[in-house]
Amino acid sequence: MENNKAFKLTNGGKASFFYYHRCFLPPNHWYRKNRKDLFVGRVEKDAAPPRLSGEELHDVVSEYGDIMFGLQSGKQKFPGFDLTHNWVKQSIFWELSYWNTNLLRHNLDVMHIEKNVFENIFNTVMDVKRKTKDNIKDRLDIALFCNRTNMELVCDRSRVAKPRASFMLEKNAQLLVCKWLKSLRFPDGHASNISRLVNTEECKLYEMKSHECHMFIQTLIPLAYLK
């Protein structure tokens, strides 16, 4: 729907990001008026979109007919896509007579979401190659939409350098974190042996399970990075 605004960039490929999250803040929140750090030149004045009931959502999706998916379908979209809505299909669950009265129609796995959040934070702070979220594409977006010149790419003839971000640990600090994790011991049953998952040579964690990530993000991140 129009409330899910996205800015699309095309440069040898296609990428998109969402910038409409500030509409959920209180009307007088200073982030809404921040033209410098969040989105250069833009003040967010729109209110948050209304939260539709199951019956209201059913009325919306019922307006759209069937759409064919698969290799033979082409690029079919419901009329108004990306302007008045962002629906790409009508879920088969709406055919259930009770679906529009369900209080919870989407049951998200909190532990797996937390695992993804933890891995993104850890890999970015530790600057893990091919896993960090602070990559070249992100730095190009910063140059276009943010006023953070200290994080823009530096081009020197055939070489492109990525200035180190303030949230990224130096190599010696990364090693200290890994050695600290190697030495950690927990009460029986509290967590698995995290030390066996630590590679101090590459400053990486391997095969972290959901519970370990939950325990890490809730307990250890403030000690490791915010002390």
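Some values worked out for this structure:
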{"item": "Among the listed pairs Lys89/Lys209; Lys89/Lys133; Lys133/Lys209, those beyond 22 Å (Cα-Cα)", "result": "Lys89/Lys209; Lys89/Lys133"}
{"item": "Segment 95-172: Rg to Rh, with Rh as the Kirkwood radius over Cα pairs", "result": "1.24"}
{"item": "Highest average packing first - 96-108, 50-62, 169-181, Cβ atoms within 10 Å", "result": "169-181, 50-62, 96-108"}
{"item": "Stretchable slack from Trp94 to Lys209, in nm (0.36 nm times residue separation minus alpha-carbon distance)", "result": "38.0 nm"}
{"item": "Förster radius 45 Å - calculated FRET efficiency between Leu144 and His112 (Cβ-Cβ, nearest 0.05)", "result": "0.90"}
{"item": "Among 114-121, 41-48, the order from most to least packed when residues are scored by Cβ within 10 Å on average", "result": "114-121, 41-48"}
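The numbers here are math on the coordinates, done by the rules we state, and not lab data. In this text the structure is predicted, and so the values were computed from the model without any measurement. We place every Cβ from the backbone using ideal geometry, glycine too, and count neighbours over all the protein chains shown.
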